[in-house]
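Worksheet: the structure to be examined is printed underneath.
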Amino acid sequence: MTTEPDPRMPSDEPNASRRDFVAGAVTIAAVAGAAGTAQAQAQPMLRFSNPPGMSNPPTYSHVVEVNGPHRTIYLAGQTGVDASGKPAEGIRAQAVQVFENIKTALASVGGGFEHIVKLTSYLTNMDEHGAVYREVRASYFPNKAALPASTLPQISRLANPAYLLEVEVIAILPPKA
């Protein structure tokens with residue numbers, strides 16, 4: 001004669017019920033789904049590239065692709081003036097001030113240079129100032145694999161004759177939490 005185990009007594013024998021099995025399957029499915037969502041979210045928000053068939057410039061990217069939900073930040077043209085409105089003297093000092101102003105503006109919305117996707121820079125004298133400007137600009141973008149798209153025309157003058165350059169910025173930031 002066999003006796004049925006008393007359900008009120010603990011046992012070393014595995015005794016999985018259908019409910020336990022379903023609960024386990026649901027847990028596994030939830031974990032797998034979360035992993036899939038995390039993998040989808042892990043795709044880069046920004047992708048910088050120089051497609052095959054185009055030149056591979058050392059100072060900018062031809063294409064910057066933006067994916068997913070984000071905040072787009074547009075900075076007005078930044079000039080080489082400090083917080084008091086005084087222009088810096090000379091192209092190097094103005095270029096540094098421009099990029100420090102960009103750094104401050106981006107920080108005010110939680111961003112940094114790594115979020116910039118497009119620079120439009122205007123110089124009043126490309127021959128005289130171009131090399132110095134490019135050197136200063138490069139020092140603010142150490143990640144050469146993720147350089148923003150960039151345009152650099154020469155123009156006859158800016159709003160103030162003391163201004164030697166002006167730089168506009170578009171940046172893409174993650175959504176606010």
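Numbers for the structure displayed
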| quantity | calculated |
| --- | --- |
| By average C-beta atoms within 10 angstrom, highest first, the peptides 90-102, 127-139, 54-66 | 90-102, 127-139, 54-66 |
| Lysines whose Cα lies under 17 Å from that of K103, excluding same-chain neighbours fewer than 8 positions away | K118 |
| Listed peptides 111-121, 150-160, 78-88 by packing density, highest first (mean Cβ within 10 Å) | 111-121, 78-88, 150-160 |
| Radius 11 Å from Cβ of V66, net charge of other residues (Lys, Arg +1; Asp, Glu -1) | +2 |
| Gyration tensor verdict on region 40-111 (Cα atoms; rounded if a/c is under 1.5, prolate if a/b is larger than b/c, oblate otherwise) | oblate |
| Stokes-Einstein D for region 83-150, Kirkwood Rh over Cα pairs, 4 °C, 1.567 mPa s (µm²/s) | 100 µm²/s |
| Within-15-Å neighbourhood charge of A83 [Cβ basis; K, R +1; D, E -1] | 0 |
| Separation of the E135 and M54 label points, Cα + 7 Å toward Cβ, nm | 2.9 nm |
| Solvent-accessible area per residue, Å², over region 37-128 with all protein chains present [probe radius 1.4 Å] | 57 Å² |
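The values are calculated or read from the model by the stated rules, or taken from the named source; none is laboratory data. Every value quoted in this text rests on a predicted model; they were computed, and no experiment measured them. As a convention, Cβ positions derive from the backbone with ideal geometry for all residues, glycine included, and neighbour counts pool all protein chains shown. The accessibility values were calculated without ligands, DNA or RNA, using every heavy atom of the protein model including side chains. Shrake-Rupley method; radii C 1.70, N 1.55, O 1.52, S 1.80 Å.
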